[in-house]
1. Looking only at the stretch B:253-283, which residues are within 26 Å of A:Leu185 (Cα to Cα), assigned to a helix (DSSP H, G or I) and more than 9 Å from every other protein chain (Cβ to nearest Cβ)?
2. Check B:Glu244, B:Glu264 and return the single one that is farther than 23 Å from A:Leu138 by Cβ and among the acidic types (Asp, Glu).
3. Answer yes or no: is there a residue in the stretch A:77-84 that is surrounded by 19 or more Cβ atoms within 10 Å (Cβ to Cβ), touching a helix residue (DSSP H, G or I) at 6+ places or on another chain (Cβ under 8 Å), farther than 21 Å from A:Pro288 by Cβ and not charged (D, E, K, R).
4. Could you please give the count of residues in the stretch B:57-101 that are under 16 Å from B:Cys114 (Cβ atoms) and assigned to a strand (DSSP E or B)?
5. Kindly indicate whether B:Thr271 is of a type in the set (S, T, N, Q), free of Cβ contacts under 8 Å to residues at least 24 places away in the same chain and over 21 Å from B:Val153 (Cα atoms).
6. Could you tell me whether any residue of the stretch B:209-217 is part of a loop (DSSP other than H, G, I, E, B), in contact with a Lys or Arg (Cβ under 9 Å, 6 or more places away or on another chain) and more than 11 Å from chain A (Cβ to nearest Cβ)?
7. Does B:Gly127 meet the test of being more than 14 Å from chain A (Cβ to nearest Cβ) and not aromatic (Phe, Trp, Tyr)?
8. Tell me whether the stretch A:116-126 contains one or more residues that are in contact with a Ser or Thr (Cβ under 6 Å, 6 or more places away or on another chain) and either surrounded by fewer than 22 Cβ atoms within 10 Å (Cβ to Cβ) or of a type outside the set (A, V, I, L, M) (or both).
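The values are calculated or read from the model by the stated rules, or taken from the named source; none is laboratory data. This is a predicted model, so every value here is computed, not measured. Ideal geometry is used to build each Cβ from the backbone, glycine not excepted, and the neighbour counts take in all protein chains shown.
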There are 2 protein chains.
Amino acid sequence: MGTADKAMQPVIAVDAMGGDYAPEEIVKGAVQASEENGVKIILVGIKAAVENELAKYDTGHTIEIVDAPDIIKDGEEPAFAVLRKKNNSIAVATRLVKEGKADAAVSAGSTGACMVCALQYLGTLPGIERPIAGGAFLGFAPHTVVMDLGANVGVKPYQLLNFAVAGSIYAHIFLGIDNPTIGLLNVGAEEGKGNEQAKKAFPLLKNSHLNFIGNVEGMDIATGKANVIICDGFIGNVLVKYSEGLAYILNHWIEKEMKDKVSEDVIQTLTQKLYRSMSSAVAMGGGPLIGVNGVASIAHGSSRAAQIVGTIKNTKTALENGFVEKLKAGLEKAQASTPVEE
Amino acid sequence: MGTADKAMQPVIAVDAMGGDYAPEEIVKGAVQASEENGVKIILVGIKAAVENELAKYDTGHTIEIVDAPDIIKDGEEPAFAVLRKKNNSIAVATRLVKEGKADAAVSAGSTGACMVCALQYLGTLPGIERPIAGGAFLGFAPHTVVMDLGANVGVKPYQLLNFAVAGSIYAHIFLGIDNPTIGLLNVGAEEGKGNEQAKKAFPLLKNSHLNFIGNVEGMDIATGKANVIICDGFIGNVLVKYSEGLAYILNHWIEKEMKDKVSEDVIQTLTQKLYRSMSSAVAMGGGPLIGVNGVASIAHGSSRAAQIVGTIKNTKTALENGFVEKLKAGLEKAQASTPVEE
């Protein structure tokens, strides 16, 4: 890679302290991403601890460390503590973005704390109250994203329209789908079905610039009938957790049913595949908080190095494809034709 | 069995015309149930068609036929047509219960039509606006029922309390569980989580006579953390359809993954088991519409003889254990301490 390309490498501030396997696996993933993905990494955390981990790798001093001495202790509510302890690693990483010293932040720490920092330091795009949680939902339906997956609970119809805008741009940039189809999760296919929220969202979607294909039902999540399936975060949260629970149960079931019939290796391959197929987000790594006025990515708390690499890769994709700028334009376009309810 | 027992056999009016495999499989199931389950069957339907089917079996004229000449044609909305065509088989079977000529009605016809007939001819129990849909949800969690599964969409908090009362009695009678645990489906375990509906339902449940264990989350449906999991019918409907879709996808996946590794027989056994484990309601047969002032049972439209036998068995269980009477008493007890919101 030439000097010019190197100069254009995006700079990503990685929270080295967040996640179940921090700092070991986070630093490992960050080092790997800096070597493979053409990004410049800033590791943010307790300086001595991060240096200690980084010393394991021969990085040629290309990875910078920024000290973040504040620690959130067990028992503290991270989303509150992060505002009080301003030199916590999540807060410091997010401020690096605000200050223009990094292009994006990545953390596998508390989702609540990441959200609070993103809101505090970067703010949201027009019409967005809280970042939207969402992304590819099920490995079995790889061309389908579901939004919202739990960040926005009890939403108004215009927020479902925002989810659709965000999902459409997300599916285009991250899944490479042109003009993604949008489905409204509902209890029946016909217009007029559902609760008040769904009934009121339907015409907003129908009259929007989006490729709305109407209501979709529960089975359509599994079969991937639409590229973007939108729902209240309450149901999205239940669905994502139900899928996780089922993946766990199914793997135990497969082990029990197959143990006398095929080798252990075959069972292990099968259960690993099933786990990935049932929980796409974990396997892919995380991605940017959607609706933030800047790129702040979250990875699953259980992320190991591979998921950190995946999250950094998705973060780079967001930066290179103008995810935030496109989302801002899309939201403005949709909102121009839709009255925002109070 | 002695004469006294025979005299006490419950009389069940079976809609012979409803369901994808009517009248063949319905009549077959009804005959089998009358032989095995100690019930007296009245078959309701187009007389000639039912006689024709019944002639295949040596029933010794113990099965009565009641004519129901009205037919709902393709393209008619069954839930409306059934009120106009009063001699439709569902309406006639339900009226036999109202008139005391049968103890219960069973149909695999349109759920909407069954509901309308139950409301019209039997009415609902106190505080119930529409019958509650629910029952065992997942074969993997055989000691857990979920209510509501789609009949009641956009419910008020006091209705969630009603679902809990119904679920508790249902789990006791049909699953044999003493003092069933109740969980409120939510996005987090702590009190105060969730949408307005869940936040308001929590104290009603906490202050009730029920064995409420607090909020449960999506994974708890799969692992069966509570015996009764209650939720708005919107989410219940999505969950039941999502599970059906996943069962379909998973079975194709197993076939593909295993076809070079084990015999076709092993695959078939496995996929059949998985189907049953993913869709308990279909495998078990249906059961009574919950909240109706009388026993009117619905079976899945795809029911074959085995599911009709199962539904009739569940119907007999409901009658013998005073399901309706216990539900009425439970609802009155819960409502005595809970203001009904308008």
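1. B:Tyr275, B:Arg276, B:Ser280, B:Ala281, B:Val282, listed by residue number.
2. None of the others qualify; the one that does is B:Glu264.
3. yes
4. Here the count works out to 2.
5. Yes, satisfied.
6. Within the stretch B:209-217 (the criterion being part of a loop (DSSP other than H, G, I, E, B), in contact with a Lys or Arg (Cβ under 9 Å, 6 or more places away or on another chain) and more than 11 Å from chain A (Cβ to nearest Cβ)), the answer is yes, since at least one residue qualifies.
7. It is true that B:Gly127 is more than 14 Å from chain A (Cβ to nearest Cβ) and not aromatic (Phe, Trp, Tyr).
8. Checking the stretch A:116-126: at least one residue is in contact with a Ser or Thr (Cβ under 6 Å, 6 or more places away or on another chain) and either surrounded by fewer than 22 Cβ atoms within 10 Å (Cβ to Cβ) or of a type outside the set (A, V, I, L, M) (or both).
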